Every structure is written in structure tokens, then in C-alpha cells.
1. Looking at Leu34, Leu54, can you tell me which residue is surrounded by 15 or more Cβ atoms within 10 Å (Cβ to Cβ) and farther than 19 Å from Leu9 by Cα?
2. For the range 15-31, give me the residue count where each residue is under 15 Å from the mean Cα position of the chain (by Cα) and at pLDDT 85 or above.
3. For the range 58-77, which residues satisfy the criterion of being over 13 Å from Ser12 (Cα atoms), assigned to a helix (DSSP H, G or I) and in contact (Cβ under 8 Å) with a residue 40 or more places away in the chain?
4. Quick check, is Gly55 on the phi > 0 side of the Ramachandran plot and either in contact (Cβ under 8 Å) with a residue 40 or more places away in the chain or out of contact with any helix residue (DSSP H, G or I) (no Cβ under 6 Å at 6 or more places or on another chain) (or both)?
5. Name every residue in the range 32-50 that is within 13 Å of the chain's Cα centre (by Cα) and either aliphatic (A, V, I, L, M) or not in a helix (DSSP H, G or I) (or both), in order of residue number.
6. From the list Val20, Val42, which residue is β-branched (Val, Ile, Thr) and free of Cβ contacts under 8 Å to residues at least 40 places away in the same chain?
7. Kindly indicate which of Leu23, Leu35, Leu14 is in contact with a Lys or Arg (Cβ under 8 Å, 6 or more places away or on another chain) and hydrophobic (A, V, I, L, M, F, W, C).
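The values are calculated or read from the model by the stated rules, or taken from the named source; none is laboratory data. Fair warning: this is a prediction, and the values are worked out from it, not measured in the lab. Cβ placement follows ideal geometry from the backbone for every residue including glycine, while neighbour counts extend to all protein chains displayed.
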Amino acid sequence: MGLVIPTFLGISVLIVGLIVTVLRNVVSGIKIMLLGINISLVGGIFAVDPNSNLGSIEYLVVLLGLIISVIGLVKKD
């Protein structure tokens, strides 16, 4: 169990980096921001659901969604 969170965090950083790198040249900043907001909402739904037991991974999903939203906000169109 102790190796699950660092592994998930590493995989998540790679996925976010890949998403931002691919979408940076193709998609506008507003669409990247909307993607980040949607990811945050999904993580938030899992966070408030009393039946989900993901071991605080849902909070990392919310954080990654916020990071993607900020990257979309900073992007110059």
C-alpha cells in the first residue's frame, strides 16, 4: 500500500505532461481549462462519495485537474 500513492503520482505527472504537451499547440487555452475543471469535478465527486475508498487518490485527481486548469489559463492564444 505504501508504494501505490507514489506510483500513481508519477503516472499522473506523466499523463498531465503528455496531455499538456499534445494539447498546447492544437487546442485553445479555454478548452484546456475546461478539461482541467472537468477532471477536478470528477475527483471532487469521488472525494465526497462516502462509499468510495480510493486511499486519497481522489484528492490527487482534483489537484491534477487544478494544475491543468492553471496551465490552460496561462496559455497565450
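1. Within the list Leu34, Leu54, the selection yields Leu34.
2. Adding up the residues that qualify gives 1.
3. Ile71, Gly72, Leu73, Val74 - these are the residues of the range 58-77 that are over 13 Å from Ser12 (Cα atoms), assigned to a helix (DSSP H, G or I) and in contact (Cβ under 8 Å) with a residue 40 or more places away in the chain.
4. So Gly55 passes the test.
5. Those that are within 13 Å of the chain's Cα centre (by Cα) and either aliphatic (A, V, I, L, M) or not in a helix (DSSP H, G or I) (or both): Ile32, Met33, Leu34, Leu35, Ile37, Ile39, Leu41, Val42.
6. Val42
7. Leu23
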